[in-house]
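The numbers here are math on the coordinates, done by the rules we state, and not lab data. From a predicted model like this one, the values you see are computed outputs, not experimental measurements. Here the Cβ is made from the backbone with ideal geometry for all residues, glycine too, and neighbour counts use every protein chain on show.
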Amino acid sequence: MVNLRRVIVGFYFVLFLGVGLTAGVFFLQARAEYSQLKQQETLSRRRLAEAEAKLREQEIIIDRLRHDPAYVEKVIRRRLNYAKPGEFIFRFED
C-alpha cells in the first residue's frame, strides 16, 4: 500500500514536471515571437513616420505648384531647361 502510494505520488510528480516543462517551452517560444513582433512594430512605425514626413513635403510642393507662379516657373526652368525669349541656357558638364 505504501509502495503504491509512492508510485502514484511519483507518477503525479513526473506528470506535473512534464506539464510544467512543456508550458515553459511554449512560454519561451511565445516570448521570442512577441519580441520579434515588437521589433517589426518598431520598424513599421519608423517607416510610417518617414512616409508621413515625405507626404507632408510633397503636399507642400503641390500646394506651391498650385498657388505660386514664381515657383512653377522656377521648377519648369530647372527641370525642363526652358528659357524666356532672348535668354540663353548654358550647360556645363559635371
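A few points about this structure:
- Among Leu65, Phe26, Phe16 - extreme Cα towards positive end, dipole of the chain, charges at beta-carbon: Phe16
- Percent breakdown of C-alpha pair distances by 5 Å bin, ordered from the shortest bin, for the chain: 3, 10, 7, 8, 7, 7, 7, 5, 6, 5, 5, 4, 4, 4, 4, 3, 3, 3, 2, 2, 1, 1, 0, 0
- The angle between the Cα long axis of helix 2-67 and the longest principal axis of the Cα atoms of the chain comes to about 10 degrees, rounded to the nearest 10.
- Loop chymotrypsin sites (Phe, Trp or Tyr not before Pro), region 15-94 (other Cβ atoms within 10 Å of the site Cβ: 13 or fewer; DSSP): Tyr82, Phe88, Phe90, Phe92
- Between 0 and 90°, nearest 10: helix 69-80 axis offset from the chain longest Cα axis: 80
- With loop membership from DSSP and a limit of 12 other Cβ atoms within 10 Å, the longest segment of the chain without GluC sites (Glu not before Pro) is 1-86.
- Length gained on full extension, Asp68 to Ala23: 9.6 nm, using 0.36 nm per residue less the C-alpha separation.
- Shape of region 6-45, Cα gyration tensor, a/c cut at 1.5: prolate
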